[in-house]
1. Find the relative contact order for the chain and round it to a whole percent, using C-alpha pairs within less than 8 Å whose residues are 6+ positions apart.
2. As an exercise, identify the trypsin sites (Lys or Arg not before Pro) in segment 260-332 lying in DSSP coil whose Cβ has no more than 16 other Cβ atoms within 10 Å.
3. Order of His309, His146 from fewest to most other C-beta atoms within 10 Å?
4. R0 = 56 Å: FRET efficiency of Leu307 with Trp78, Cβ-based, nearest 0.05?
5. Can you sort Val315, Val27 from fewest to most other Cβ atoms within 10 Å of each residue's own Cβ?
6. Counting other beta carbons within 10 Å of each Cβ, put Ile92, Ile277 in order, fewest first.
7. Net charge near Glu234: determine it from the other residues with C-beta under 15 Å of the C-beta of Glu234, scoring Lys and Arg +1 and Asp and Glu -1.
8. Would you please give the FRET efficiency between Leu89 and Ala36, computed as 1/(1 + (r/R0)^6) with r the Cβ-Cβ distance and R0 = 30 Å, to the nearest 0.05?
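Just so it is clear, none of the values below were taken in a lab; they were calculated from the coordinates. Here the structure is a predicted model, which means the values were calculated and not measured. Here the Cβ positions follow ideal geometry from the backbone for every residue, glycine too, while neighbour counts run over all protein chains shown.
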Amino acid sequence: MQQNVRLRLLSNFVIFFMLIAIAWWSVLLFTKNRDAFLAKSELNKIGMVAEGLVQSDRDFFQTEIYQKLEAEYKRQEWMILGESIVFVLSLIVGVYLINRGYNQEIAAAQQRRNFLLSITHELKSPIASIKLVLETFIKRELGAQHINQLSSNALKETDRLNDLVNDLLLAAKVETAYVPYLETIDLKQFLGEIIERLQNKYPAVEFGFRQPEEAIIIQGDKAGLTSVAVNLLENAVKYGAENPKIATVLRQNEKGVINIEVADNGIGIPDKEKNKIFERFYRVGNEDTRRTKGTGLGLYIVNQIVLAHKGMIQVMNNRPRGTIFNISLPANDA
Ligand code: ATP
Ligand code: MG
């Protein structure tokens, strides 16, 4: 950090020095230009007076030679002014761009740190609890019921690990080599099943699903779209209120554009964070103070998969509180 401060100070000093130098050079050029003009016109005047062509200063000012000299002098003055302005402007733009890049670099470093902290935690805690269960099995004779309970806990932890590793792999894949494997999907049934599964997983949460009468069929990648829906719904649970209500709406407009909307009544997302949450590893808040678990990969994956389906995802505020994610997918070509 201290090095950063020193670097900033140094660069500010250099910029300051350059500005002063430009100002000084401009003033110098201005005066030299004027001196040159005065000297030239004086020389011409003396010559013309000697030849008897002009009598007074006023006569001389009327001559073509003087007019030309003056015009050139004025032009050069403007040139100097223009060039210094262009120089200063490019300096300012350059400094602004460098500064912006620098700040982005710092933010990216912070994100990587966040990611490393959260991923370490996320990987280590399930491994630690599975290890503990296995150690208990070795050390102690346990009743069947006890064994059952410990085993199902350990299984849950392996699920968590599995999800995490899947997310990591999927994120690496969507970045480089993801091409949706297109199948015909009946969206009503597809979303209905996912919501039912999550309802079983989170009995306390109130899931709603509004769908049109007619079937909505698309060509899409089942694995990818499952990950989209699960990520959005899991987020809605994770960042939900005390008594979470999550409403999913599926609809298709006259033009065939399909909309999938997931609305929650949770903590919401501040406006200035809204366009950042789709970045890889980005999580709102700070790793040291945050209580929810996660890696910040979820919405990155969601966005990439939606884009690969030529769709778009938007995030809005829900009222009175919470967040709405809205996915629109283009009409079927078929
Ligand atoms: P992961 O999904 O990889 O386990 P994550 O949930 O933190 O981790 P994302 O799903 O990418 O990561 O979400 C990024 C951030 O956006 C979250 O950390 C959270 O701060 C915010 N966020 C996402 N969904 C919601 C929501 N429904 N309500 C409020 N905040 C949300
Ligand atoms: Mg998530």
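1. Relative contact order here is 14 percent.
2. Here the trypsin sites (Lys or Arg not before Pro) that fit, given the DSSP loop and packing criteria, are Lys274, Lys276, Arg290, Arg291, Lys293, Lys310, Arg321.
3. Fewest-to-most ranking of His309, His146: His146, His309.
4. 0.65
5. Val27, Val315
6. Lowest to highest Cβ neighbour count: Ile92, Ile277.
7. With Lys, Arg at +1 and Asp, Glu at -1, the net is +1.
8. 0.65
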